[in-house]
1. In which sequence would I103, I356, I60 go, from the one with the fewest C-beta neighbours within 10 Å to the one with the most?
2. Tell me the mean residue ellipticity at 222 nm calculated for the chain from its helices only (DSSP H runs of n ≥ 4, each -39500 (n - 2.57), averaged over every residue, nearest 500).
3. Only Lys, Arg, Asp and Glu count, each charged at its Cβ (+1, +1, -1, -1), so figure out the dipole size of the range 161-323 about its Cα centre, rounded to 20 debye.
4. Between K33 and M351, with labels modelled 7 Å along Cα→Cβ, what's the label distance in nm to one decimal, could you check?
5. Kindly write out, for the range 24-37 in residue order, the coupling ³J(HN,Hα) from the Karplus curve 6.51 cos²θ - 1.76 cosθ + 1.60 (θ = phi - 60°), rounded to whole Hz, with x marking Gly and Pro.
6. Could you please state, rounded to a whole Å, how far the C-alpha centre of the range 439-456 is from the C-alpha centre of the range 258-314?
7. Near the amide H of T93, under 5 Å away, which other amide H atoms are found, from residues 5 or more places off or on another chain, if H is placed in the peptide plane?
8. Please order D255, D22 by the number of other Cβ within 10 Å, starting at the fewest.
Amino acid sequence: MPNSGVPAMPEGPTEETLLLVDPDHDFLDWATKHLTAQNLRILRCDNAANALKVVEKTEISVVVAALSLQPFDGLDLLGRIIQHSPQTLVILTAGFPTTSQIIEATQHGAHDVLRKESLPFELRQVVESALQIHEDRRSVTHHETEGPTVDGRVKIIGVSRALQDVFKLVGRVARSDAPVLIAGESGTGKELVAKSVHEYSPRRQKEMITINCGAIPENLLESELFGHEKGSFTGAIARRAGRFEQADGGTLFLDEIGDMPLSIQVKLLRVLQDGSFSRVGANETITTDVRIVAATHKNLAAEVAAGRFREDLYYRLNVVELRIPPLRERPEDIPLLAEFFLQRITKKNGMARIRISPEAVSTLQNHVWPGNVRELENTMARACALASSNILLPADIPLASAPGRTFAKLGEMLDHLINAAPGGDNVIEWISRELAGRSIERSNGDLKQASISLGIEPAELKKLLAGRE
C-alpha cells in the first residue's frame, strides 16, 4: 500500500517537481509510471490536506489533483495552492467535470481541467506543457490569480474536449470587459454561452439584455438599440430608452450580428469606440458602460470580403472569439444531452420517467444533426410525446435524417471534387464538365435525358462535353 501521508522529500534539488493528488492509489501508481521522466521528481498524496502541506514545504512546479478530494475538494485546493504558491500550475481531473466546475476552475487559475478517461491520451502532453510554462516563468514573482467568486446558473451539457475548451475560454474571458464574438451554426447553444460569459463576469449583478439583430426590421432596429424621442417618427408617442441604456453596467448580447444592416453597423461602431450614442430624434449624447457579446452563424470574415459587414466593426467585435462546435463533431455529448432533455421534458409535463435504450443512443449518435442541439431537443420532445412504453427504442426516435445526411455527404463529395481538380483549372468549370460526362454515362448516351437530369439545355450540355474532350 503506498504511503498516504506526507511523502518524504528527497535530498538535493531537481529541475522540476510534480505533485499527484488523488484518493485512488491505483491511479497514483499508473500516473507515476506514465509521467516518469529525467529531471522530474514526482511526489504523491491521497488527500487535499497533505497535498497542501507538501506545497507549503517545498517548491512544486505542477500539481495534478482530482476534483473529488477530502477533507476539501480540488477547487478549494486550487485556491489554497495559488494563494500560497502563485507560480505553481494546477491541473484538475474528474470523471465528468461540470460546466461550472470547468469555468470556475479556469477563472481561479487552473492550467487545465481533464476528464479521467482521456488521461492516457492527454495527461503527458498537458503536464509537459505545464512544466515548460513553469520553467519559462521562473523569474516571474507575481501573478494575478484571483477571479470573481460565482455561483453557476447556466447549465451547458457536454463532456467533449471541444466543448470543455469552450468552457475554459469562458472562464478566462469572463473576467475582462473585452468584446466577445461567439461563432457557430444555428442551434449550437450560442446564447447559453453568452449567458455564461455574463454570469461569470463582474457584471453579473446587472442585467444581460438580448436583442436579435436579424429579427427586427432595419427601420426599427436603430430605435431598439439606441432608443428614441417622442415624435421622432410615426408611432413614437413617448420617449423610449434603448437596449444600450437598459444594459448600462451589464452586458448587451447582440444575437445574429451578421444580419445587422450596414447603416446600423456604423452607429454600433461609434458606441464601441467611445461608449456614446444618441437616441433617434435627439441631439443629446448619452454615454453607457456596456460589455458587448455578439453571436453569429455566418462567416463574418467572408461577409466582410463580400462587403456585407464592416471590416472595422468586425475587428472591434472579434477581440475574443468563442467557436461552438456543431453537434456532429462531438457525438460523445449526445447521450448526456438526450438524457438531460428526457428528464426535463418528462418532469415539465408530469410524465413517468422514460429511459433510452443503448440502441436508440447509437441511432442518435449516427445522425448528422444539421439543427444541432436544438434539433436533438425537439427530437426528444417528439419521442416522449409518441412513446408507446417507458423505454425508447430506435423505432421510437423520429429522425428527419434525409436532409442532414444528404447535406453531409454532399459536403464530403464536394471536398473530394475540389481536391481532385487539376492544378491551374477553373474548379467550377472542371466540376461542371465532370458532371456532364457522368450524366451521359448514367443515361447511356441519351443527350436529352442527361440534360433533363442536370436541368440544362442539350446545347449547353454539348458545350460542356466538348470542353471535356
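1. I356, I60, I103
2. Working: 19 runs with 214 residues, N = 469.
Rounded to the nearest 500, the figure is -14000 deg cm²/dmol.
3. 380 debye
4. For the pair K33/M351, the computed spacing is 4.8 nm.
5. So the Karplus estimates, Gly and Pro as x, are 8, 5, 5, 5, 4, 4, 5, 5, 4, 5, 5, 9, 4, 8 Hz.
6. Value for the Cα centre distance between the two parts: 50 Å.
7. Hits under the 5 Å cutoff: A65, A66, L67, L114.
8. Going from least to most buried by this count: D255, D22.
Where a number appears in this text, it was derived from the coordinates with a stated rule and is not lab data. A quick note: this is a predicted structure, and the numbers were derived from the prediction, not measured. So basically every Cβ, Gly included, is an ideal-geometry build from the backbone, and we count neighbours across all protein chains shown.
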